[in-house]
1. Tell me, HIS153, HIS8 in order of fewest to most beta-carbon neighbours within 10 Å?
2. Helix-only mean residue ellipticity at 222 nm, the chain, DSSP H runs n ≥ 4 weighted -39,500 (n - 2.57), per residue, nearest 500. What is it?
3. Could you tell me the center-to-center distance, by alpha carbons, between region 216-255 and region 24-39 in angstrom?
4. How compact and how long is the chain, expressed as Rg and Dmax of its alpha-carbon atoms in Å?
Amino acid sequence: MLFDTHAHLNAEEYKDDLDEVIARAQEAGVTHMVVVGFDRPTIEKAMELVDRFDFLYASVGWHPVDAIDMTEEDLVWIEELAAHPKVVALGEMGLDYHWDKSPKDIQKVVFRKQIQLARKVHLPVIIHNREATADIIEILKEEKADEVGGIMHCFSGSPEIAQECVNMNFYISLGGPVTFKNAKRPKEVAAEIPLDKLLIETDCPYLTPHPYRGKRNEPGYVKLVAEQIAEIKGITYEEVAEVTSKNAKKFFGIN
């Protein structure tokens, strides 16, 4: 039993073979997936998918790269969608200092508004962080994000930062990079953070794990992430699959 906590099945990359991709995921043992929407088109597609497949759930939010495009109407719309029984989190949200489409000050305002909304609607948050760790942690603390909790999605920081996030009521989610031969930090995090604070994800169609790196990612490959964590921790694959699935169901409030 595997739970892919972050999948973009709403991406254009799956428009021709989505049913086959989902079937392969189920064959690999994936029983639950969260489809993450991060702007108007991807949120609309995510909602369409969760209404179609009973084992899919949605997270809805606004990506920091596109923060400059977000309107108050969009925020109201996200609040309305939060009442949907299969919307289990808000996000992905956060800060991205790699791309320069949205100025940092606008990203921060949009990020704060979404955390405030999450506290209002009592849903956890999924955090996107690229080259912005210090500012993200500061905002999470100032906006009392620990009250709803969250996921540090596709975590790439140090074990020390991971532990600081765990102390703020956050789970650490690991994806394809933990399988990369040269990825030192994700392996250190996998070794040091307790299994009951870890989640697994693909972030598909991106960040494809070894040995498929360079090809399109898909949810079935989350098994490779679980296998790598098991190897690093010196425990069985079955234990990683079971505990991370249990963690995800608890976090998202799925019975």
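Where a number appears in this text, it was derived from the coordinates with a stated rule and is not lab data. Here the structure is a predicted model, which means the values were calculated and not measured. No Cβ is skipped: glycine too gets one built from the backbone with ideal geometry, and neighbour counts run over all protein chains shown.
1. If I rank by nearby Cβ atoms, fewest first, I get HIS8, HIS153.
2. It lands at -13000 deg cm²/dmol.
3. 12 Å
4. Cα radius of gyration and Dmax of the chain are 16.7, 49 Å respectively.
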